[in-house]
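Worksheet: the structure to be examined is printed underneath.
The values are calculated or read from the model by the stated rules, or taken from the named source; none is laboratory data. Everything quoted here is computed from the prediction, not taken from an experiment. Note that each Cβ is placed from the backbone with ideal geometry, even for glycine, and that neighbours are counted across all protein chains shown. Note: accessible area is taken over every heavy atom of the protein model, side chains too, but ligands, DNA and RNA are not part of it. Shrake-Rupley method; radii C 1.70, N 1.55, O 1.52, S 1.80 Å.
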Amino acid sequence: MTDPELYAGLNEIFRQVLDDDTITLTPSMTAEDVEGWDSMNHIFIVVEIEKRFGVKFQAAEMEELKNVGELAALVREKVAAARR
Amino acid sequence: MRGPELHWLPRQATWSQALASAVPGEAAWPALCALARSRIDALETRTLDRKRQRLVPEAPPGLVAPPIRLAVLASSTVDHLLPAIRVGGLRRDLWIETYTPDYGQYTQALMDPASPLHAFRPTAVLFALDSHHLLAGIEPGGDPTEIERRITQIGDDLAAQWARARQAFRCQVIQQTLLPVFDPLFGSNEHRLPGSQYWAVQQLNATLRQLADAEGVDLLALDAVVASDGLAAWHDPALWHRAKQEVHPSAAPGYGDRVARLLAAALGRSSKALVLDLDNTLWGGVIGDDGMEGIKLGQGSALGEAFVTFQRYARDLSRRGVILAVCSKNDEANAIEPFEKHPEMVLKRSDIACFVANWTDKAANLREIAARLNIGLDSLVFADDNPAERAIVRRELPMVAVPELPEDPTLWPGTLAAAGYFESLRLTKEDLERSGQYQANLRRGGLMASATDLDGYLRSLDMRAIWSRFDRVGQARTVQLINKTNQFNLTTRRVTDEEIAALIDDERALTLQIRLTDTFGDNGIIAIVIGMFEPGTGDIRIDTWLMSCRVLGRRMEEETLNLVVRQARALGAERLIGVYRPTAKNGMVRAHYQKLGFTPNGTPADDDGTEWVLALDGWTELPTAIVSEAVAR
């Protein structure tokens, strides 16, 4: 999976969950930068990511993420592990 | 295991485009209702709910039932479930508004009349309490008797909360059963370990079932849902730790749909009839081509046994009050033959209240079936193995529920059960006798067609109207009838159990329930009337008058008026005031009071209804062929 594919997928999930078609994610973005990205919506985003990419996050992993870049890296790592 | 998704609903390939193209206006609500009747996941459900909030921010006019205000009382996070509850309503044409106090605050909110909960004035209250909260303090190793006592106490405390909610709001109360989120400590014989939380969940759920029956509370049986879907589909410990969500967000659509079913059932909006296709639905093969020996049914093949099991499920549904009908493209003689002669048929001709087999299109036949059974098209569920037929019926008759049956008939009973079309809250004697009543009605219809003069026919029926005021024995049936009758219903006013209980004790109220028997059997309770004195006058205002459509054309209206007048006179009334409030479904009774000799009243009612007057002085009873008798006490 290439970075553009990964980001396209994440973009679509964020847009759907937050109901905002203007969202374009960049690696340095945090919850502060995206309107509506609160703790409840974060759960929805995580659940949708798990469904779409066929991965499962651990409880602790979800808490350590600082920005979109780290989230994307974690997804990339999980997808790769799942394919091994 | 099918998981928590709404697998009985059809997928719609163009769902997203259809949602995007929905625009404000009168067409928005029906368009959104149709979109809710698709197999949508949690995210789509949320998107649909948001769109509804934008396009239809207020309850639209012409709803099938009054708007519902549901209070969800919770001890952990439930906000993620609320959109799905509202969409569950949308799927049933019901407007549901939700309110939830801050979690953990539900007890205070219930007790404080100044709380926002009281200001919300809920028409239904759902106790959605999580297992950790309810079983706090239950631990293994303690004194077994003390643990028993505590579990009993938890149940009693809950019952006290229910009573508080009912007293404050006089409304439906729903209690969610506990999710089995704990792991066993002992193993298969966990019940031998007092204080095991795993076992305590089961004990408390059993206690809740008894208490709910005693208190008239309805259960949302999450434990039963999890038993079929698997706990992992409904609960993720990681999300519990992180967000205190006991129910997984992905399970929200299934959760919301089940809550909406209970609300719909209380309003009499559950489906009433199961209409069955024949070839490849009740048996394998085509009776017209394969013949009696060729169709697959019964012992000898797995497929044949699957059809027997499906027939048995349908028959058992009819035993609890669901009406069965047949709608098949066939020559009638061919279609009926297996019902009469095939030894493996579970369903007999006498189980089918309405049998339609011809070459007309199925949508037209379903209309005919609804008309003959005297029920609305939105009360029908149509089971057909053929995806093309299903699609046509859905397009022509979007109000008919058409389950998406999987290819394997083995799965069909589970599909119908999961869809919850026939969700019911109380079993009445009438439910158990209903299929027999419809049978007798069809025979009466046959007699009517053969009788040349109506009066002679009516006399030959030997009809008896057995009447009484409202009483405790009939209370459940009274509430059920009032809340589900849509067509012959002058005001479509709905009631709660408590309101009827109050009327039973009110000697100044005019209340009447009438049972009709005839040569073919007992029709059950077929008429309900409620009247109250207008304060300070001799006028009794009839705020409820409804009848079963099964007994139309038999001058039962006239006989009911005779009984109303007798009771009104006994109460000292001088005039009756009749009210008609139009709805989408009760056009048939627009001229009801006029036909009975009432005159239009000068002052119209407070809305778009009409008011009618009958002076009792000198009024003489109307002639009928019905003999009335009071219930012997």
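Working from label points 7 Å from Cα in the Cα-to-Cβ sense, the B:A501 to A:E12 distance is 5.4 nm. In nm², what is the average projected area of the convex hull enclosing the Cα atoms of chain B? Value for chain B: 32.6 nm². The local environment of B:T281, defined by Cβ-Cβ distances under 9 Å, has a net charge of -4 under the rule Lys, Arg +1 and Asp, Glu -1. Computed about the Cα centre, the dipole magnitude for segment B:175-303 is approximately 500 debye when only Lys and Arg (+1) and Asp and Glu (-1) carry charge, each at its Cβ. For segment B:17-54, accessible area lost to neighbouring protein chains reaches 50 Å² or more, against the chain alone with a 1.4 Å probe, at B:L43, B:R46, B:R50.
With 26 Å as the limit, the listed pairs B:K341/B:K429; A:K51/B:K244; A:K66/B:K51 have B:K341/B:K429; A:K66/B:K51 beyond it between alpha carbons.
Is the C-alpha gyration tensor of segment B:232-311 telling us rounded, prolate or oblate? Criteria: a/c under 1.5 is rounded; beyond that, a/b larger than b/c is prolate, otherwise oblate.
oblate
Taking 0.36 nm per residue of separation and subtracting the Cα-Cα distance, full extension of the segment from B:Q167 to B:E58 would add 36.4 nm. Across chain B, Cα pairs under 8 Å and at least six residues apart give a relative contact order of 10 percent.
Under a 1.4 Å probe, what is the accessible area of segment B:10-60 per residue, stated in Å²?
50 Å²
Only helices enter this figure: runs of n ≥ 4 DSSP H residues, each worth -39500 (n - 2.57), summed and divided by the residues of chain A, yield -20000 deg cm²/dmol at 222 nm to the nearest 500.
Counting protein heavy atoms only, chain A has 49 percent of its accessible area on carbon and sulfur, 1.4 angstrom probe. Stretching B:L616 away from B:Q108 to a fully extended chain increases their span by 177.7 nm, per 0.36 nm per residue minus the current alpha-carbon distance.
Kindly sort A:M29, B:M463, B:M532 by accessible area of their heavy atoms, largest first, with the probe set to 1.4 Å.
B:M532, A:M29, B:M463
Ranked from largest to smallest solvent-accessible area, with a 1.4 Å probe on the protein heavy atoms, B:D384, B:D157 come out as B:D157, B:D384.
Would you mind getting the accessible area per residue of chain A, heavy atoms of the protein chains only, 1.4 Å probe, in Å²?
Per-residue value: 55 Å².
Using a 1.4 angstrom probe on heavy atoms only, work out the carbon and sulfur share of the accessible area of segment B:511-609 in %. Its accessible area is 52 percent carbon and sulfur atoms. Across segment B:355-430, the relative contact order, built from alpha-carbon pairs under 8 Å that are at least six residues apart, equals 23 percent.
Would you list B:T45, B:T610 from the most to the least accessible area, probe 1.4 Å?
Greatest to least solvent exposure: B:T610, B:T45.
Rounded to the nearest 20, the size of the Cβ-charge dipole of the protein assembly as shown about its Cα centre is 1460 debye, with Lys and Arg at +1 and Asp and Glu at -1. Excluding ligands, DNA and RNA, the accessible surface per residue across segment B:258-377 is 37 Å² with a 1.4 Å probe.
Pull out a ≥ b ≥ c, the square roots of the eigenvalues of the alpha-carbon gyration tensor of segment B:129-234, then state rounded if a/c is under 1.5, prolate if not and a/b is larger than b/c, and oblate in the remaining case. In terms of gyration-tensor shape, oblate.
As a fraction of the 1.4 Å probe accessible area of segment B:109-220, surface on carbon and sulfur atoms comes out at 50 percent. From helices alone, chain B scores -12500 deg cm²/dmol at 222 nm; the rule is -39500 (n - 2.57) for each run of n ≥ 4 DSSP H residues, then divide by the residue total.
Once B binds A, the 1.4 Å probe can no longer reach about 1500 Å² of accessible area, counting both sides. Were the residues from B:E534 through B:L571 laid out at 0.36 nm apart, the gain over their Cα-Cα distance would be 12.0 nm. Computing FRET efficiency as 1/(1 + (r/R0)^6) for B:R508 and B:V286, where r is the C-beta to C-beta distance and R0 is 51 Å, gives about 0.20. Here the label points at B:V23 and B:A224, each 7 Å from Cα along the C-beta direction, are separated by 4.6 nm in the simple model. Take each residue of peptide A:13-19, count the partner chain Cβ atoms within 10 Å of its Cβ, and average: the result is 2.
Considering only alpha-carbon pairs that sit under 8 angstrom and 6 or more positions apart, the relative contact order computed for chain A is 35 percent.
Can you tell me how segment B:186-242 classifies by the Cα gyration tensor, rounded, prolate or oblate, using a/c under 1.5 as the rounded cut? It comes out oblate by the Cα gyration axes. Take each residue in B:237-248, count the other chain C-beta atoms within 10 Å of its C-beta, and the mean is 3. A crude spin-label estimate for the pair B:R121 and B:A584, with each label 7 Å from Cα along the Cβ direction, gives 2.4 nm. Counting Lys +1, Arg +1, Asp -1, Glu -1, what net charge surrounds B:N562 among other residues with beta carbon under 13 Å of its beta carbon? Net charge around B:N562: -2.
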